[in-house]
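Here is the structure we will look at, set down as structure tokens.
Every number in this text was worked out from the coordinates using simple rules, so none of it is lab data. None of the values given here were measured: they were computed from a predicted structure. Note: ideal-geometry Cβ built from the backbone for every residue, glycine included; neighbour counts use all protein chains shown.
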Amino acid sequence: MDCTGEKEAEANAPSVVDRYYTRWYRADMKGKPCEDHCILQHSNRICVVTLAHTHPILQDGRTIKSINYQISNGCSRLKNKVSGKSKRGGQFLTDYAPLCRITCTDETEYTIYSCIRGRLLEVNESILETPSLLLEKPSTEGYIAVILPKFEESKSITENLLSRDQFDSLVSKRTLPQTQPS
Amino acid sequence: MLSLKDKDKPIIQKLLSAGCCSRCVLRFCCVSVQAAYRRPHQHTLQALKAFISDTDNSKPKETVASGCEQENNKSHDVAGPELPEDPPVKRAKLEPGAAVGPSEEEAAAGGGMKDEESRVCVVCLGILQDLCGTAQAAKIAEAVKTEKYEFDTLVLSVSLPAQLCVREHSCWLHVKGELRQKSIAVDKDDVIQVKEAFKWIMQGLVSKELGGVGVVTRSPFEVGVEFTHPETDADCHFLASTCPDCFKPTKNKQSVFTRMAVVKALEKISEPKFLQRYPCPPAQPTSSCIPQDIQCLHVSVFVAGRYNKFCRSLPQTPWLIDGERRMESSVEELIAAPILSAFRADGFNFSSSGREDVDVRTLGNGRPFAMELLNPHRSRLSKVEMKQLQEAINASSEKIRVRDLQIVTRDAMSRMKEGEEEKTKSYTALIWTQKPIQREDITFIDDIKDLTLDQKTPLRVLHRRALAVRQRVIHSMTTRYLDSHHFHLGLKTQAGTYIKEFVHGDFGRTKPNLCDLLKTDTDILELDVESVDVDWPPSIPE
């Protein structure tokens, strides 16, 4: 009865992210070495901002002390509200809009940026309660935010980003000098 | 004529010299006897002329009137019993374009009235003259027959150029004084509308041409007649400057001068302003209206049933990304094709009680669906024919199957959507677990009852649905162990529960999820809908 092969239930089968999302990267955000962001773009144009596996927060056994979505006195990403199908009222973000600041227990602080233009739909509040999600599942449950690009920009927003292949080759070229703290 | 009295004489005189046709004269005299309009307009003109020229008017009036009054009850009988000639039949043989003026014979018979007769009416622009007769009726009947519609009755609809309202208004102002003398209470609304008179004349003729089919005021089958008159389109333009509010451009309109807008503007404009900007009475046109193609439209027929989908590479509706097709077919197209040809419909709208993803099968009794069939040329199929249609659908593809196929009412369709949120649905999912599992590791799931989930709108559909946290209940689950990484999970859930997201967690946006319950990453490899528990449409015994 079935049209396709019945079982592709292998352990190495593509994950949910592999199946439905395209990975895009922004390397060395704002010139800061290795502060790589990964954008997961769904085929319906929705984007999920995550930390790339190479991000310093995920290196050297760091642990997270705090995550702050209050990016300035007047603006908290936690206050973002969208309503209706058209997602009215969401904060509009540009490439370099900060989403949150993450402080590690070693007192290093990192700012996570939007990387793409679009309307902020939600930020991940689960990582406030359970910061370890960010370390354990950075590309799924430890996501940072969900952004909806403008319909007409859904193709062009990724033009400035690196594809997975481009990013992998960039990472492999990162040589010893960069792994030493400056 | 009929209710024509001495007081009508100045009105008739004024209208005739303004260039009104005889039927428009009757309209402005508020004559509401239908038969009066069905007489050949040349005859009416003669009668009117005789009436106004006769100082001792009582006798001619009576003769003209009595004939018509007898006729009044036999609405389909057009030719008056007292008429010696039969001009409409002659007319029928003429081409509509050539029928602008009466033939020489008729003109001669009219005795020196050639000018008045051949002139196109300043108000109706010829619609109540030669565009209103057997030839036009034959053309309408021909259009209906060509499309081979199946129908018992039809309703005639008329679309007139908007400038007719302007001309009507001008003419009304022209004789308003005289009309008010006739009766103090007479108002613009009392004037018989062109549309009305046109229908009184044409309904019987069309009926006759179609072998006695009822031409009525309400029918599921509408035959639309449209007239345009490019020569006088500019008549309306001055209104745009007097009432700019009424003429705002919108996307779908070809012109801002719609009938509605013009009527509204005419209600607003003051009398002196109108008279200043527009001739009163209206100017003489050189040509009469152009009849457009006849438009036939049958009201939608609704068909409902249940469908199975046996294929994991078949979308429910055509799947387009950036205007390009992703899969070659779809459930709705497979179902619709035979139905469209059976009902000879122009198009369809498909709706269903929920929908499944392209890679999900729908088994069991299937998913309720309904279709609106647009402009069906055939609207009645017997139970046996519906059964045959169902069989034809089922024979056409292995990928889907249809049951309980039936004709339903528009209202009944809403029952399907009502049931959508309240009813339960059953699924079977093939689950993968990251950590190896033992048989006993999953049995606890069978004991979970009425588990309430908080589901944020899945990212998968967030582009088209509002962001919200929705509470959905999983009533019960059953497990069937397959191997150390796989098991089958049966679920009975409240409709509207997103199963895939319950299994993989959707970035932790569905809580709790199967990953939480099993304390390992889980993924869904296959999903089948086992039942959609909506008791509509009624089942039809095989």
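Observations on the structure shown:
- Using a Förster distance of 22 Å, the FRET efficiency for residue B:252-residue B:355 (Cβ separation, nearest 0.05): 0.15
- Mean Cα-pair separation over length for chain A, i.e. relative contact order, pairs under 8 Å, 6 or more apart, %: 22 percent
- Residue exposure sequence - B:446, B:411, B:404 - by fewest surrounding Cβ within 10 Å: B:411, B:446, B:404
- With 5 Å bins from 0: P(r) over the stretch B:421-532, alpha-carbon pairs, percent: 2, 12, 23, 26, 20, 10, 4, 1, 0
- Principal axis dimensions, chain A - Cα atoms, whole angstrom, descending: 60, 44, 32
- Taken along its principal axes, the alpha carbon cloud of the protein assembly as shown reaches lengths of 118, 65, 43 Å, longest axis first.
- Dividing the summed helix terms, -39500 (n - 2.57) for each DSSP H run of n ≥ 4, by the number of residues in chain B produces a 222 nm estimate of -10500 deg cm²/dmol to the nearest 500.
- Separation in nanometres of the label points that stand 7 Å from Cα toward Cβ, at residue A:79 and residue B:412: 5.5 nm
- Average 1/r across all pairs of distinct alpha carbons in the stretch B:300-418, invert it, and you get the Kirkwood radius: 14.5 Å.
- Dipole magnitude (debye, nearest 20) for chain A, charges at Cβ of Lys, Arg, Asp, Glu: 840 debye
- Per-residue ellipticity at 222 nm from helix content only, as computed over chain A with -39500 (n - 2.57) for each DSSP H run of at least four residues, stands at -3500 deg cm²/dmol.
- Of the trypsin sites (Lys or Arg not before Pro) found in the stretch B:200-274, those that fall in a DSSP loop while having at most 14 other beta-carbon atoms within 10 Å are B:218, B:251, B:253.
- Ranking B:274, B:258, B:330 by how far each Cα lies toward the positive end of the dipole of the stretch B:244-356 (charges on Cβ) leaves B:274 at the top.
- GluC sites (Glu not before Pro), loop per DSSP, at most 16 other Cβ atoms within 10 Å - longest free stretch of chain A: A:11-106
- Three principal axis extents describe the C-alpha atoms of chain B; from largest down they are 113, 52, 40 Å.
- Positive-end residue, the stretch B:382-480 charge dipole about Cα centroid, Cβ charges, pick of B:396, B:429, B:414: B:396
- Rel. contact order, % - alpha carbon contacts under 8 angstrom, at least six apart, chain B: 12 percent
- Each Lys and Arg adds +1 at its Cβ and each Asp and Glu adds -1 at its Cβ; summed about the Cα centre, the stretch B:421-532 shows a dipole of about 480 debye.
- Partner lysines for residue B:273 [C-alpha distance under 24 Å; skip if fewer than 8 residues away on the same chain]: B:14, B:176, B:188, B:248, B:264
- Sorting B:448, B:140, B:127 from the fewest to the most surrounding beta carbons within 10 angstrom yields B:448, B:140, B:127.
- Among the trypsin sites (Lys or Arg not before Pro) found in the stretch B:1-39, those both in a DSSP coil and sparsely packed, with 14 or fewer other Cβ atoms within 10 Å of their Cβ, are B:5.
- For the stretch B:421-532, the relative contact order works out to 41 percent when only alpha carbon pairs closer than 8 Å and six or more residues apart are counted.
- Sorted by Cβ density within 10 Å, fewest first, the residues B:15, B:154, B:482: B:482, B:154, B:15
- Distance between the modelled labels on residue B:539 and residue B:287, one decimal in nanometres: 6.5 nm (7 Å Cα→Cβ projection).
- Proximal charge balance of residue B:296 [Cβ under 15 Å; K/R count +1, D/E count -1]: -4
- The GluC sites (Glu not before Pro) found in the stretch B:307-343 that occupy coil by DSSP, while having at most 11 further C-beta atoms within 10 Å, are B:328.
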